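Peer 1: Just dropping this structure here.
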Amino acid sequence: MLDKTFQPETIELDYYNEWEGSGIFAAKPESNNAPFTVMMPPPNVTGSLHMGHALNMTLQDILTRYARMQNKDALWQPGTDHAGIATQMVVERQLESEGKHRRDLGREGFLEKVWEWKEESGGTIVNQLRRLGATPDWDRERFTMDEGLSTAVRRVFVRLHKEGLIYRDKRLVNWDPKLHTAVSDLEVEQREVKGHMWHIRYPIEGEQERFITVATTRPETMLGDTAIAVNPEDERYKELIGKFAVLPICNRPIPIVADEYSDPEKGSGAVKITPAHDFNDFEVGKRHNLPMINIFDESACISDEAPEAYRGLDRYEARKKVLQELEELDLLVEVEDIKHSVPYDEKTKTTVIEPFLTDQWYVDAETLAKPAIEAVRSGKTEFVPKQWENTYFSWMENIQPWCISRQLWWGHRIPAWYGPDGSIFVAETEDEAMVEAKARFGDGVILRQDDDVLDTWFSSALWPFSTLGWPDETPELAKYYPGDVLITGFDIIFFWVARMMMMGIHFMDEVPFKKVYIHALVRDSKGQKMSKTKGNVINPLDLIEKYGTDALRFTLTAMAAQGRDIRLSEDRVEGYRNFATKLWNAARYCEMNECRPVVGFDPTKLDGTLNKWIVSEVVKAKQGIETALDLYKFNDAANSIYHFTWGTFCDWYLEFSKPVLNGDDAALKEETRQTTGWVLDQILTLLNPFMPFVTEKLFEEMADRGDEGRLIASQWPQYGAELVNEDAVTKIDWLMRFISEIRSVRSDMNVPAGAKIKLLVKDACAKTQEGLQEYDVILKQMARLSDIEIIDGEPPKGSIQTVVDKTMLILPIADIIDLDQERDRLRKQIGKLELDIKKISQKLEDKRFISNAPEEIIAEQKSRREEAEMIRNKLSQALKQLEAA
RNA sequence: GGGCACGUAGCUCAGUGGGAGAGCACUACGUUGACAUCGUAGGGGUCGGCAGUUCAAUCCUGCCCGUGCCCACCA
């Protein structure tokens, strides 16, 4: 017996453990079933579940469960990402609290510590995914630094290097002066801040009292200036080209060069060039063979390249000193207050990133991007919604060399070794590198491995095939690559999706997934991005605790409309918790009335119209879900099952069934019981991918299905349009309208809800008369009628009158209602109809409408007008009668 | 500066070239052996503004206003 009240938390863990233990999550590469592959975006091993995960994982879980029920061999590949910087920072902070630094432990010792941390605390998110009811194949869980995945990383690195697609280069990178590592362009957040523009004049060499003025937001960088650029077409400066300016403070002559980069419209038209500390200047410097003076050290303190007085100063202290000195020299012309953007490290949000000249490893992304662009153009991979393809293209078509080295310890160490003369040996193992080195330098050569590790995204880029065993040719790789769909947020299209496309196509000769579904961002109820600093983070686990997993999952799904962000409000979650409760209570009703699924029940062989009708409605709901899921319209799928369950099954069918079950037609009773049991079973099945827990529980309660009887392992129903009975649909549609109309009028006229009143029916056609007879008991109960009588003559004086189809419904209750109110009601109704008729008539009298509009539209308008006129006439008559009274 | 979304009921959001929808909130009434985490009924919207295309525009096009995001630049 089901408990009277529904308490989600009492069932969730038990079922989850049982499912997982049953092996149902596992992919079965040896089976002949068609594969369905989803690669889980591996969450950071340091992470804990946030709303974005909850949405992302719920959608993947729905598709996976749905595929499984359709008898596909589903592989949902789970795992976690080693998250280089994030993880290293966590452990460093831990050390810091013990008063230690990673240097104290040394590389080996530190890595040991990180692994320790990973073993102890790394599993948090994985267990939180279980709370969410996610059903990936846990037996195949991978970690990006697993043995196998690391092998794949080295193989890829070596191959790309051999192909010339990985190379070493000295360029400007975004440098984090606190972490002492290069970071990706994508990890730099441009933030608008208030600042100053300083206008500085540099004396022209060999000339008295002649200056050239430049402007900068970063005066300290002038210590590294190696030129001034002017536009070759700029008349003001033409004769200065080729001459030298004297760099103040350093007193170093720097050339005045002509370069298109300089825009005569901006500032003074002359630009100071600091090739080692500005991306544009770097390009100018290369064009003019300018020296690149690196005035910073790794911590962005002034290096030995600068005048002695500045050495060791932090960049902001150096700025102050430079300004002070310029002022003393009377070279500071103007200070402007401006707003400008400053590059911050996206992770810590506190460090200002410094363009810094270093040697790094790069991937030739431009070459790899070409086929990846083509794959989306040709539709081999499709984005849903389509508009994200623009984002993908615009980035891929302007892609920059991908800097893949990071000056960290935690990550895949770069498989490159340096010989005594600095020559490089790239190989998968040190032994292999050594073989090559010995061939060159002879025995006894000493190699030093590159200290750097790879960008975390390098290994995640391989995820779609490295997790399947590549570079070995495994059965899994053959069966599950390429994936069917990748589900992810737009924020990692560049970081991850693009890189998987490049690597997948290059190494597998095939795209890694056929569809990319980009889901919404989950915001708070005010539309703000959730962030720890804003303190508006809603923790999914709190909601699960309060309302249950099913409610949270259903909320996220129902709100996952394409192309729009989700503003999550707790009210919605509460509403869908109520939905689960509703379902629970419906099941209790079924239980009490012994409406249980019966083996061998055949929905095609039914006598009762109500039963034929509800079966038809089940089919429509099922088709609605299927169509929606095929198009990744998760919200439509959720709404389809929601409205069927609540609005059709509970609100109407169960109410219809009550008089039947209390009646004395034994055969119909039995059929109705069986049908009700069957429909509930269908609801549970169709709803299961969305709300796995409550449906599983009810499925178990409603019938004894033996050991194999888990809903999670059940089949998705096969039936279709053959179960739809249009005749029954028409009939019951009439019945519902009939009941609704009486209820509505009663309520309008303040007829006491409990009062049973008599209904007189006039102008009833044969079908209506038939319906009145067939559903006599239902009508009386649901519309609270004492009696239904068909009349021919005039209605009694002072009745309430209304119209359904062509039938007059008359409630002779002059004694309990206010007739003035009834007159008002009729006038209002008639007024509305008149307005309708007028609008339609205007159209129908418009010759252009008649000659241009399609036939069906004209016919439809005509019949609408006829119907409105008919009702208006009947109501007018009723009104006249009332007025006469 | 370039691009992409979005603007529909008090709130959160679906939707469609031909009669404006849901959930929540609100109002009234609650009866019937599943359910008050509920039921029945109801009020509420010139579908951001202005033009254009069309017989017909909330929907298509253009412009404008507002909001959010992404990218680039910033002497």
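The values are calculated or read from the model by the stated rules, or taken from the named source; none is laboratory data. Source: prediction; values computed, not measured. Reconstructed Cβ throughout: ideal geometry from the backbone, glycine too, with neighbour counts over all protein chains shown. Heads up: the accessible areas ignore ligands, DNA and RNA and are worked out on the full protein's heavy atoms, side chains in. Shrake-Rupley method; radii C 1.70, N 1.55, O 1.52, S 1.80 Å.
Peer 1: Going by amide H atoms built from the backbone, whose H comes under 5 Å of the H on residue A:171, apart from near neighbours?
Peer 2: Correct list: A:358, A:360.
Peer 1: Roll a 1.4 Å probe over the protein heavy atoms and report the accessible area of residue A:472 in Å², nearest 10.
Peer 2: Number for this one is 100 Å².
Peer 1: Then there's this: Ignoring ligands, DNA and RNA, what percent of the accessible area of chain A is carbon or sulfur (1.4 Å)?
Peer 2: Numbers: 18540 of 39870 Å².
Within chain A, the accessible surface is 47 percent carbon and sulfur.
Peer 1: Accessible area per residue for chain A in Å², computed with a 1.4 Å probe and the full protein assembly in place, what is it? Spell out each step's value before the answer.
Peer 2: Numbers: 39870 Å² over 885 residues.
Heavy-atom accessible area per residue stands at 45 Å².
Peer 1: Sort A:145, A:57 by accessible area with a 1.4 Å probe, largest first. Could you put the intermediate results ahead of the total?
Peer 2: Values: A:145 30, A:57 0 Å².
The ordering from most to least exposed comes out as A:145, A:57.
Peer 1: Further question: Mind running the shape call on the range A:756-885? Use the C-alpha gyration tensor, a ≥ b ≥ c as the square roots of the eigenvalues: rounded below 1.5 for a/c, prolate if a/b tops b/c, oblate otherwise.
Peer 2: Values: a/c = 2.99, a/b = 1.64, b/c = 1.82.
Oblate, since a/c reaches 1.5 and b/c is not below a/b.
Peer 1: Using a ≥ b ≥ c from the Cα gyration tensor of the range A:41-160 (square roots of the eigenvalues), is it rounded, prolate or oblate, where a/c under 1.5 gives rounded and otherwise the larger of a/b and b/c decides, a/b for prolate? Write out the running numbers ahead of the final one.
Peer 2: Values: a/c = 3.07, a/b = 1.68, b/c = 1.83.
The shape class here is oblate.
Peer 1: Let me ask something else. Which order do peptides A:178-189, A:579-590, A:711-722 fall in by mean Cβ count within 10 Å, highest first? Display every interim value, and only then the final one.
Peer 2: On the way: A:178-189: 17.8, A:579-590: 20.3, A:711-722: 14.2.
So the peptides A:178-189, A:579-590, A:711-722, ranked by packing, come out A:579-590, A:178-189, A:711-722.
Peer 1: Using the Cα centre as the reference, give the magnitude of the dipole from point charges on the C-beta atoms of the range A:735-791 (Lys, Arg: +1; Asp, Glu: -1; all else neutral), rounded to the nearest 20 debye. Kindly include the intermediate steps, with their values, before the conclusion.
Peer 2: Working: 9 positive and 8 negative charges, 44 e Å.
So the dipole magnitude of the range A:735-791 works out to roughly 220 debye.
Peer 1: Shifting gears a bit: So what's the Cα pair-distance distribution over the range A:431-514, bin width 5 Å, in %?
Peer 2: Each 5 Å bin holds this share of Cα pairs: 3, 13, 19, 16, 11, 10, 10, 9, 6, 3, 1.
Peer 1: In whole angstrom, how long is each semi-axis of the equivalent ellipsoid of chain A, when you take the square root of 5 times every eigenvalue of its Cα gyration tensor and sort them from largest down? Mind showing how you got there, number by number?
Peer 2: Values: eigenvalues 1007, 277, 111 Å².
Ellipsoid semi-axes (Å, largest first): 71, 37, 24.
Peer 1: Can you tell me which lysines have their Cα less than 20 Å from the Cα of residue A:633? Leave out same-chain residues fewer than eight positions away.
Peer 2: Hits, sequence-local ones excluded: A:386, A:514, A:515, A:620, A:622.
Peer 1: Here's something else I'd like to know. Residues with amide H under 5 Å of residue A:426's amide H, sequence separation 5 or more or different chain, H placed in the peptide plane at 1.01 Å from N; which?
Peer 2: A:417
Peer 1: With just the Cα atoms defining each centre, how far is the range A:473-498 from the range A:11-54? Give it in Å.
Peer 2: 16
Peer 1: With θ set to phi - 60° and the Karplus curve 6.51 cos²θ - 1.76 cosθ + 1.60, what are the ³J(HN,Hα) couplings of the range A:358-368 in order, to the nearest whole Hz, using x for Gly and Pro?
Peer 2: Per residue, the Karplus-derived 3J(HN,Hα) values read 9, 8, 9, 8, 10, 9, 6, 5, 4, 5, 5 Hz.
Peer 1: Using alpha carbons only, how many angstrom separate the centre of the range A:788-835 from the centre of the range A:112-135?
Peer 2: 68
Peer 1: Only four residue types carry charge here, +1 at the Cβ of Lys and Arg and -1 at the Cβ of Asp and Glu. Report the dipole size of the range A:549-608 about the Cα centre in Debye, rounded to the nearest 20.
Peer 2: Values: 9 positive and 9 negative charges, 32 e Å.
The calculation lands at about 160 debye.
Peer 1: Measure out, as a whole number of angstrom, how far apart the alpha-carbon centroids of the range A:64-85 and the range A:185-215 sit.
Peer 2: Using only Cα atoms, the two centres lie 53 Å from each other.
Peer 1: Can I ask one more? Hey, in chain A, which Cys have no second cysteine's beta-carbon closer than 4.7 Å?
Peer 2: A:250, A:301, A:403, A:650, A:765
Peer 1: Ranked from highest to lowest mean number of other Cβ atoms within 10 Å per residue, what is the order of the peptides A:545-557, A:603-615? Present the calculation step by step, with values, prior to reporting the outcome.
Peer 2: Working: A:545-557: 25.3, A:603-615: 20.0.
Per-residue Cβ counts within 10 Å, averaged per peptide and sorted highest first, yield A:545-557, A:603-615.
Peer 1: What percentage of all Cα-Cα pairs in the range A:113-176 are separated by more than 20 Å? Don't skip to the answer; put the middle values down first.
Peer 2: Details: 1157 of 2016 pairs.
Distances greater than 20 Å cover 57 percent of the Cα pairs.
Peer 1: Just subtract the alpha-carbon distance of residue A:97 and residue A:620 from 0.36 nm times their residue separation and send over the number in nm, one decimal.
Peer 2: On the way: separation 523, 0.36 × 523 = 188.28 nm, distance 6.12 nm.
Contour length minus Cα-Cα distance gives 182.2 nm.
Peer 1: Quick one: dipole size for the range A:204-353, taken about the Cα centre, charges +1 on Lys/Arg Cβ and -1 on Asp/Glu Cβ, in debye to the nearest 20. Don't jump to the answer; show the numbers that get you there.
Peer 2: On the way: 18 positive and 32 negative charges, 55 e Å.
The dipole magnitude comes to about 260 debye.
Peer 1: Right, next: Tell me the mean residue ellipticity at 222 nm calculated for chain A from its helices only (DSSP H runs of n ≥ 4, each -39500 (n - 2.57), averaged over every residue, nearest 500). Write out the running numbers ahead of the final one.
Peer 2: On the way: 29 runs with 390 residues, N = 885.
Helix-only estimate at 222 nm: -14000 deg cm²/dmol.
Peer 1: Continuing with the same structure: Please list A:458-467, A:838-847 highest first by mean number of surrounding beta-carbon atoms within 10 Å per residue.
Peer 2: A:458-467, A:838-847
Peer 1: Separate question: If a/c stays under 1.5 just call it rounded; otherwise compare a/b with b/c (prolate if a/b is bigger, oblate if not). Do that for the range A:193-297, with a ≥ b ≥ c from the square roots of the Cα gyration tensor eigenvalues. If you can, show how the numbers build up before the last one.
Peer 2: Values: a/c = 1.23, a/b = 1.21, b/c = 1.01.
The shape class here is rounded.
Peer 1: For residue A:713 and residue A:333, what is the calculated FRET efficiency with R₀ set at 56 Å and r taken between the beta-carbons, to the nearest 0.05? Please report the intermediate quantities before stating the final value.
Peer 2: Details: r = 79 Å, r/R0 = 1.41.
FRET efficiency, residue A:713 to residue A:333: 0.10.
Peer 1: While we're on this one: Could you work out how far helix A:9-22 tilts from the main Cα principal axis of chain A, as a 0 to 90 degree angle to the nearest 10?
Peer 2: Roughly 70 degrees, rounded to the nearest 10.
Peer 1: For helix A:499-508, what angle does its Cα long axis make with the longest principal axis of chain A, in degrees from 0 to 90 and rounded to 10?
Peer 2: 90
Peer 1: To the nearest 10 degrees, how steeply does helix A:430-441 sit against the main Cα axis of chain A, on a 0 to 90 scale?
Peer 2: 30
Peer 1: Given just the C-alpha atoms of the range A:583-693, how large is their convex hull per residue in cubic angstrom? Intermediate values should be presented prior to the final figure.
Peer 2: Details: hull volume 10.8 nm³, N = 111.
Output value, Cα hull per residue: 97 Å³.
Peer 1: Show me the GluC sites (Glu not before Pro) within the range A:1-53 that DSSP assigns to loop and that have at most 12 other Cβ atoms within 10 Å of their Cβ.
Peer 2: Answer in residue order: A:30.
Peer 1: Give A:758/A:797; A:272/A:347; A:238/A:272 a once-over and call out the pairs whose C-alpha atoms are over 25 Å from each other.
Peer 2: On the way: A:758/A:797 14 Å; A:272/A:347 31 Å; A:238/A:272 16 Å.
Over 25 Å apart, Cα to Cα: A:272/A:347.
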